[in-house]
Amino acid sequence: MDHAADVPDVFDPRLYAEGIPHDSYRTLREHHPVAWQPEPQIQGWPAGPGFWAVTRHADVVRVLRDHRTYSSWIGATQIRDPDPADLPFLRRTMLNQDPSPMPCGPGETPAPHGRLRRLVSRAFTPARVDAFACRVRERARALLAAAREGAEDGAADLVRTVTDEYALLNLTDLLGVPAADRALLLEWTVRIIGYQDPEDAPAPVLGPDGKPLNPRSPALLGEMFAYARELAAHKRAHPGDDVMTALAGAGLDPAELEMFFFLLTVAGNDTVRSAAPGGLLALAHAPNAYRQLADGRVPVDRAVDELLRVHPPVLSFRRTAAADTELAGQPIRAGDKVVVFHASANHDERVFTDPHRLDLGRTPNPHVSFGDGPHVCLGAHFARLQLRTLYEEWCAAMPVPELAGPPRRLVSNFINGITRLPVRVSGPGR
C-alpha cells in the first residue's frame, strides 16, 4: 500500500526521543485520521507490512471498545508482528485476548478474557490498594528527602533517585515480592520495555537467523517465569495480604500464572515509572499551573488526570481487523493492523479545548491514557494513588519544579518514557 507523501511518519521509535510528535499528530488528525504507515527496518529490527495509524479521539475509543472488529487476539497488541511461533504463547495473557473467544490454531484453547480479568480484579481490589496508601506516602517522603540530601549543586536526576524506585517498590509491596528480589523486576522491565533504545536496553539477543529476538518471546522470559512459579509456591506456603498470594490460590494453571506475573511486573511498574517523571516534567514547564496545585487552588485528583492526559504512559496499542470494515471513511481489510495513538487522542481539538495548555482543573477530561473498553487498565486506581501522593509530597516539601538540564526520553513508539530528568531539588519552596 502506498504511503502518501504528505502523511508524516509516526512509527519510527527514534522520533519519540525528541518528544511526542504533536505537529505530526495534528496533521494526521486534520487530514489523515486513519493513515497508512510503512514499517521499515530500523536498528536491526525487521521491516513489517505497515499499519493504519488512528489519531482522533472518537476513532481511538471506537477501536478500543469494539473488540469484535478490532481484535487483540489475532496479532497481539504490539505494532511489530510477533514471530508466528510465539503467537500462541503471547495469547496466554489477557492483554492479547478478546472478551469473546477467537478461532485458534491446532492444539490451541483460547483462555476466556473475562474469567482472567475477574480473577485479577479480585486480587487487585481498591481496598487492598488503599491499604498501601500510608506506605506509599512514607516512601514518597523518604525518596524526596534522600534526593535533596544527595543532590549535587542542588539538583538531582529524579528518574534515578526518585521515580524508578518509587514505582518499583510500591509495586513489589503490592505483589508481595521479597525485598532481596526487587532489582530483578526492574531489570526485566528495562529489558522488555526499553528494547528499542540502544542506551536503555542491553544488547539484543540474536536468534539462529541472526535477527534480534523479541524480548517478549518465550525464549527470553524463562528466568522471569521460573521466578513467578517459585514465588507462587512460596506464597501458598506463606500467604500474605498481597496480589501474588491471591493469584497463587486462584486456581490458575502455571502458564496463566506466569503471564499474569509478566503483565503485572511490566505494565504495573512502567505505568507509574513513565507517568511520574512525565508529570513532573510537565509541571516544570508550567510553573503557574504548579503554583495552583501547590496552593490548593485545583483538586489534586483532577491535576493527576490532566498530567496523565498530557503525558500518557503508553503511546500506542495495536489491534488487528477481524473483518473488512471502515473507520473514519477509510476502508480497512481483514488482517490489517490498526494502531491507536493515545497521546494524539488526548490532544484532539474536537474533545479538549486548548489541548496543549496544561489545565490542572480540566473537567471533563476523557483522556485515554489508561485505555478504554474491555482492556481498560486494571491498575489505574493504584497508579492514581501513587501519582497523587507523589505530587502532594512534592508540593509539601520541594521547590517549584525547575529543570537543571535537558531530560532524556526513551527511544520507543510504545512507552512514553523519561530516562533522565535533572531537576532542582533544593532551594525555596513555592
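The values are calculated or read from the model by the stated rules, or taken from the named source; none is laboratory data. Remember, predicted model here, so these are calculated numbers, not experimental data. Neighbour counts are summed over all protein chains in view; Cβ atoms, including those assigned to glycine, are modelled from backbone coordinates with ideal geometry. In case anyone asks, the SASA skips ligands and DNA or RNA and just uses the protein heavy atoms, side chains included. Shrake-Rupley method; radii C 1.70, N 1.55, O 1.52, S 1.80 Å.
Can you tell which of 342, 347, 381, 356 is touching a residue at least 24 places away in the same chain (Cβ under 8 Å), open to solvent by 50 Å² or more (accessible area, probe 1.4 Å) and under 26 Å from residue 30 (Cβ atoms)? Step through it out loud before you land on a result.
Details: 342 fails: open to solvent by 50 Å² or more (accessible area, probe 1.4 Å); 347 fails: open to solvent by 50 Å² or more (accessible area, probe 1.4 Å); 381 fails: under 26 Å from residue 30 (Cβ atoms).
Result: 356 is the single residue among 342, 347, 381, 356 that is touching a residue at least 24 places away in the same chain (Cβ under 8 Å), open to solvent by 50 Å² or more (accessible area, probe 1.4 Å) and under 26 Å from residue 30 (Cβ atoms).
Filter the range 76-99 down to residues that are more than 23 Å from residue 54 (Cβ to Cβ) and not in a loop (DSSP other than H, G, I, E, B) and give me whichever is most open to solvent (accessible area, probe 1.4 Å).
Here the answer is 84.
Anything in the range 231-270 that is polar (S, T, N, Q) and over 24 Å from residue 192 (Cα atoms)? List them, or say none.
So in the range 231-270, the residues polar (S, T, N, Q) come out as 245, 265, 269.
Result: 245, single match.
For the range 160-172, enumerate the residues that are open to solvent by less than 40 Å² (accessible area, probe 1.4 Å) and either more than 14 Å from residue 235 (Cβ to Cβ) or small (Gly, Ala, Ser) (or both).
Pass one, the range 160-172, residues open to solvent by less than 40 Å² (accessible area, probe 1.4 Å): 161-164, 166-172.
Scanning the range 160-172 gives 161, 162, 163, 164, 166, 167, 168, 169, 170, 171.
Can you pull out every residue in the range 16-37 that is surrounded by fewer than 16 Cβ atoms within 10 Å (Cβ to Cβ) and over 22 Å from the mean Cα position of the chain (by Cα)?
Residues of the range 16-37 that are surrounded by fewer than 16 Cβ atoms within 10 Å (Cβ to Cβ), as a first pass: 18-19, 22-23, 30-31.
Residues satisfying the conditions are 23, 30, 31.
Restricting the first residue to the range 117-130 and requiring it to be of a type in the set (Gly, Ala, Ser), which pairs with a second residue that is modelled with pLDDT of 75 or more and not in a helix (DSSP H, G or I) meet a Cβ separation below 9 Å and a spacing of at least six or different chains?
121/378; 123/242; 123/250
Matching residues to (1) touching a Pro at 6+ places or on another chain (Cβ under 7 Å); (2) hydroxyl-bearing (Ser, Thr, Tyr); (3) buried (at least 23 other Cβ atoms within 10 Å of the Cβ):
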position: 284; (1), (2), (3): yes, no, no
position: 290; (1), (2), (3): yes, yes, yes
position: 303; (1), (2), (3): no, no, yes
position: 306; (1), (2), (3): no, no, yes
position: 309; (1), (2), (3): no, no, yes
position: 316; (1), (2), (3): no, yes, yes
position: 327; (1), (2), (3): no, no, no
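Only one of 180, 133, 155, 145 is surrounded by fewer than 22 Cβ atoms within 10 Å (Cβ to Cβ), among the hydrophobic types (A, V, I, L, M, F, W, C) and modelled with pLDDT under 90; which? Working first, answer last.
Numbers: 133 fails: modelled with pLDDT under 90; 155 fails: modelled with pLDDT under 90; 145 fails: modelled with pLDDT under 90.
Result: 180 is the single residue among 180, 133, 155, 145 that is surrounded by fewer than 22 Cβ atoms within 10 Å (Cβ to Cβ), among the hydrophobic types (A, V, I, L, M, F, W, C) and modelled with pLDDT under 90.
Among the residues of the range 219-239, what is the count of those that are among the aliphatic types (A, V, I, L, M), in contact with a helix residue (DSSP H, G or I) (Cβ under 8 Å, 6 or more places away or on another chain) and assigned to a helix (DSSP H, G or I)? Write out each step before concluding.
First pass over the range 219-239, keeping only residues among the aliphatic types (A, V, I, L, M): 219-221, 224, 226, 228, 231-233, 237.
Those left that are additionally in contact with a helix residue (DSSP H, G or I) (Cβ under 8 Å, 6 or more places away or on another chain): 220-221, 224, 228, 231-233.
Okay, now just the ones that are also assigned to a helix (DSSP H, G or I), so 220, 224, 228, 231-233.
Qualifying residue count for the region: 6.
Restricting attention to the range 396-426, and to residues there that are in a strand (DSSP E or B) and among the charged types (D, E, K, R), which single residue is surrounded by the most Cβ atoms within 10 Å (Cβ to Cβ)? Before the answer, list the steps.
Filtering the range 396-426 for residues in a strand (DSSP E or B) gives 403, 408-409, 415, 418-420, 422-424.
Filter once more, so that each one left must be among the charged types (D, E, K, R): 408-409, 420, 424.
On the way: 408: 18, 409: 21, 420: 15, 424: 19.
Of everything passing the filter in the range 396-426, 409 is surrounded by the most Cβ atoms within 10 Å (Cβ to Cβ).
May I ask you to say which residue of 389, 353 is outside any helix (DSSP H, G or I) and either under 30 Å from residue 199 (Cα atoms) or modelled with pLDDT of 95 or more (or both)?
Numbers: 389 fails: outside any helix (DSSP H, G or I).
The match here is 353.
Listed here are the residues, each with its yes/no results for (1) at pLDDT 95 or above; (2) of a type in the set (Gly, Ala, Ser); (3) farther than 29 Å from residue 51 by Cβ; (4) not in a helix (DSSP H, G or I).
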site	(1), (2), (3), (4)
268	no, yes, no, no
276	yes, yes, yes, no
296	yes, yes, yes, yes
334	yes, yes, no, yes
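Take residue 299 and decide whether it is open to solvent by 30 Å² or more (accessible area, probe 1.4 Å) and either aromatic (Phe, Trp, Tyr) or under 30 Å from residue 362 (Cα atoms) (or both). Break it down stepwise before answering.
Details: open to solvent by 30 Å² or more (accessible area, probe 1.4 Å): yes; either aromatic (Phe, Trp, Tyr) or under 30 Å from residue 362 (Cα atoms) (or both): yes.
So residue 299 passes the test.
Free of Cβ contacts under 8 Å to residues at least 60 places away in the same chain, out of contact with any Leu (no Cβ under 9 Å at 6 or more places or on another chain) and hydrophobic (A, V, I, L, M, F, W, C) - does that describe any residue in the range 302-322?
No, the range 302-322 has no match at all.
Restricting to the range 46-66, give me the number of residues that are over 20 Å from the mean Cα position of the chain (by Cα), assigned to a loop (DSSP other than H, G, I, E, B) and in contact (Cβ under 8 Å) with a residue 40 or more places away in the chain.
2
Just to be sure before I move on: is residue 13 more than 20 Å from residue 333 (Cα to Cα), in contact with a strand residue (DSSP E or B) (Cβ under 9 Å, 6 or more places away or on another chain), of a type outside the set (Gly, Ala, Ser) and open to solvent by less than 60 Å² (accessible area, probe 1.4 Å) in the structure I sent? Before the answer, list the steps.
Working: more than 20 Å from residue 333 (Cα to Cα): yes; in contact with a strand residue (DSSP E or B) (Cβ under 9 Å, 6 or more places away or on another chain): yes; of a type outside the set (Gly, Ala, Ser): yes; open to solvent by less than 60 Å² (accessible area, probe 1.4 Å): yes.
Yes, satisfied.
Only one of 177, 136, 159 is outside any helix (DSSP H, G or I) and out of contact with any Phe, Trp or Tyr (no Cβ under 8 Å at 6 or more places or on another chain). Can you tell me which?
Numbers: 136 fails: outside any helix (DSSP H, G or I); 159 fails: outside any helix (DSSP H, G or I).
Exactly one of 177, 136, 159 is outside any helix (DSSP H, G or I) and out of contact with any Phe, Trp or Tyr (no Cβ under 8 Å at 6 or more places or on another chain), namely 177.
Of the residues 62, 68, which single one is open to solvent by 50 Å² or more (accessible area, probe 1.4 Å), modelled with pLDDT of 90 or more and touching a Leu at 6+ places or on another chain (Cβ under 8 Å)? It would help to see each step written out before you state the result.
Working: 68 fails: touching a Leu at 6+ places or on another chain (Cβ under 8 Å).
Checking each option against the conditions leaves just 62.
In the range 223-272, which residues are open to solvent by 30 Å² or more (accessible area, probe 1.4 Å) and touching a Ser or Thr at 6+ places or on another chain (Cβ under 6 Å)?
Answer for the range 223-272, where residues must be open to solvent by 30 Å² or more (accessible area, probe 1.4 Å) and touching a Ser or Thr at 6+ places or on another chain (Cβ under 6 Å): just 239.
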